[in-house]
Amino acid sequence: MATITERPLTSRLRQDREPVLAEEYERAGGYQGLRAALRMAPNEVTDLVKRSHLCGRGGAGFPTGMKWSFVPMGKDAPHPKYLVANADEMEPGTFKDRALMEGDPHQLIEGMAIAAYAIEADIAFIFLRGEYQLSARRLTQALAEAYERHYLGRNILGSGYSLEMYLHISAGRYICGEETALLNALEGKRAHPRAKPPFPQVSGLFGKPTIVQNVETLCNLPHIVSKGAEWFLGLSPTGEGGTKLFGVSGKVKKPGLWELPLGAPLRELLEEHAGGMRDGTRFRGVLPGGASTDFLVDEHLDTPMDYAHVAKAGSRLGTGTMVVLDDQTCPVGMVWNLEHFFAQESCGWCTPCWSGLGWTEKILLAMEEGTAVQHDLEILKFQPKFMAPGNTFCAFAPGAMEPLQSALKYFGDDFQRHIKEKRCPWR
Amino acid sequence: MLSPEVVTELLSVEEREEIEAEAAHYPVRRAVCIDAMLIVQRHRGWVSDESLGAIAELLGMSTADLDGIATFYNLIRRRPVGRHVAMLCDSVSCWIMGYNRVRDHLCKQLGVPMGGTTADNRFTLLPIVCLGACDRAPAMMIDGELYTDLDEQRINTLLERCE
């Protein structure tokens, strides 16, 4: 396969992990995308993003330009309109947005300004998880620089367009990553998801039109505006467009984060970039896109890592950051850890989620402790149906079922062994 | 209900100024309540009943409404903590890479279970969800700083640094 070396999102990141600040960012071509966007009409920016096929990098993969096209535009549109960067990176196994915010904070700010201009937003928020304190410090510094240099504030670069941008530090909870729950959190409420419709594009933050985008998605925008939709589409060998930040954690030789063409093969990621499995361990499976994605196994190693191919393999690209399961680690224990997280983080709004996840976690713990009986396995197998899409208020519980249902499929014998041997064989 | 004088007494000038600066970003006053609780917590380590009442009064909310929000969010502390707070990641990548061993060592060194505070009030040990440092697992935060690639020796060094 041809090696594509272009890495628009990460090429500026410094080896010493210090942030790229305004002067260095500008020298490397920074804010040229915003300048170009401000010379276009807002709907031209949206059209360009549509043509680039950019899809959300936060997990759901919704086409970005299409999302923007639902925002009411023109002089009769309600104001203020809002743009929100979803920087609430909390999907277990995911560590990509942190790298972008800590290393190149202006890239996010520029991307946000471009998206805000396209939807004629007046106010932008960066919704940042509370634990990312280094990101908070660096974004605060970069925001001050961006205001000083007239990339934010009133009459940006003399264009007549004005945008205020604020950093909001969140107080925790995974559900805040769900965009309507995030909006409730920003309004100072408990972060329960909202019923849709109305969609946030029409009635979002404080009832006004609002777009919520993941950090990595927004970071692509300066490059798409500067270099064009055709260039962006050409980055990906499978035609889905762009690069993707991929990460690998677990017992591989070189865990890490890499920007690769969208559609890079799973095998290349695990064996070349992550260096293969540690000595004495064997690969058993991988969560390809964070905790709420289905396991992929040996037979899927040649899957190109893009939205369509990973879906065809029975999982989701998700966040693109993978967690590897090895043969020295108990798959039942791993799934228990995941479901413990989901049960704890359920917001409690709808019954299938808070109740179903509680039972799921209890049964998995019983298996680990050697007290589970055969009937428990039947109850466990029912949970993915009970919490299937459409049975719950939001996508949280169906996502939680993805690692469970695939583990039951690929590692069924291991579940059986826990029951028959009345213990965890890995302990 | 607390009188404005009592609110002035319960929240410092600094705290009130910081809350008002954040409140200016939102069209409705109650929207700033989460920021407000985090601000008070930064100054005092936690959000006491008195602080909660004062914030509610300042923002025109009921105390019960605000407490419902406070208890939803795991980073808002409604109980006092020690001088240092350690938050150990218990999510999947850290679990695979040795969370159990690291947790047992931390609990033994500090002499408290997860969620506990040492008798001399030096440390509170809390579990936390994925810290986004999965490639450098196991990971923890102490007083807002991230520490990665934890093992017994590294933990001992980190603990020694905290008076």
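The values are calculated or read from the model by the stated rules, or taken from the named source; none is laboratory data. From a predicted model like this one, the values you see are computed outputs, not experimental measurements. Because the Cβ atoms are built from the backbone with ideal geometry, glycine has one as well, and the counts that use them run over all protein chains shown. We work out accessible area using only protein heavy atoms, side chains counted, and drop any ligands, DNA or RNA first. Shrake-Rupley method; radii C 1.70, N 1.55, O 1.52, S 1.80 Å.
Observations
- Note on region A:382-407: residues that are assigned to a helix (DSSP H, G or I) and either open to solvent by 30 Å² or more (accessible area, probe 1.4 Å) or touching a residue at least 60 places away in the same chain (Cβ under 8 Å) (or both) total 12.
- Counting only helices (runs of 4 or more DSSP H) that sit completely within region B:53-163, those holding 1 or more residues that are surrounded by fewer than 19 Cβ atoms within 10 Å (Cβ to Cβ) correspond to B:63-70, B:99-110, B:152-160.
- One residue stands out among those in region A:316-341 that are away from every other protein chain (no Cβ under 11 Å) and in contact with a Gly (Cβ under 7 Å, 6 or more places away or on another chain): the one that is farthest from A:Lys244 (Cα to Cα), which is A:Arg316.
- Against the conditions (1) at pLDDT 95 or above; (2) open to solvent by 10 Å² or more (accessible area, probe 1.4 Å), A:Gly61 satisfies every one except (1).
- Verdict on A:Ala77 being in a loop (DSSP other than H, G, I, E, B) and either in contact (Cβ under 8 Å) with a residue 60 or more places away in the chain or within 27 Å of B:Leu131 (Cα to Cα) (or both): yes
- Residue within region A:314-335 that is closer than 30 Å to B:Tyr73 by Cβ, assigned to a helix (DSSP H, G or I) and open to solvent by 10 Å² or more (accessible area, probe 1.4 Å) present: no
- Test: residue in region A:136-149 that is of a type in the set (Phe, Trp, Tyr) and farther than 17 Å from A:Val84 by Cβ: yes
- Where B:Leu88 falls short, out of the listed (1) in the same structural domain as B:Gly144 (by TED's automatic domain parsing); (2) touching a Cys at 6+ places or on another chain (Cβ under 7 Å): (2)
- Qualifying residue in region A:97-105 (condition: touching a residue at least 24 places away in the same chain (Cβ under 8 Å), open to solvent by less than 10 Å² (accessible area, probe 1.4 Å), among the acidic types (Asp, Glu) and within 19 Å of B:Leu75 (Cβ to Cβ)): yes
- Filtered by the rule that a residue be more than 14 Å from chain B (Cβ to nearest Cβ) and outside any helix (DSSP H, G or I), region A:342-374 gives A:Cys350, A:Gly370, A:Thr371, A:Ala372, A:Val373.
- Looking across region A:1-49, the residues that are open to solvent by 40 Å² or more (accessible area, probe 1.4 Å), polar (S, T, N, Q) and part of a helix (DSSP H, G or I) come down to A:Gln32, A:Asn43.
- For region A:64-85, filtered to residues that are within 14 Å of chain B (Cβ to nearest Cβ) and open to solvent by 10 Å² or more (accessible area, probe 1.4 Å), the residue that is nearest to B:Ala137 (Cα to Cα) is A:Pro80.
- Boolean, A:Lys254 is without any contact (Cβ under 8 Å) to a residue 12 or more places away in the chain, in contact with a helix residue (DSSP H, G or I) (Cβ under 9 Å, 6 or more places away or on another chain), surrounded by fewer than 21 Cβ atoms within 10 Å (Cβ to Cβ) and assigned to a loop (DSSP other than H, G, I, E, B): no
- Screening the candidates B:Glu145, B:Glu160, B:Glu152 for the property of being free of Cβ contacts under 8 Å to residues at least 12 places away in the same chain and more than 10 Å from chain A (Cβ to nearest Cβ) yields one hit, B:Glu160.
- Within this structure, A:Leu270 passes the test of being farther than 25 Å from A:Ile126 by Cβ and within 14 Å of another protein chain (Cβ to nearest Cβ).
- Scanning region A:236-250 for residues that are crowded, with 20+ Cβ neighbours inside 10 Å and assigned to a loop (DSSP other than H, G, I, E, B) turns up A:Ser236, A:Glu240, A:Gly241, A:Gly242, A:Gly250.
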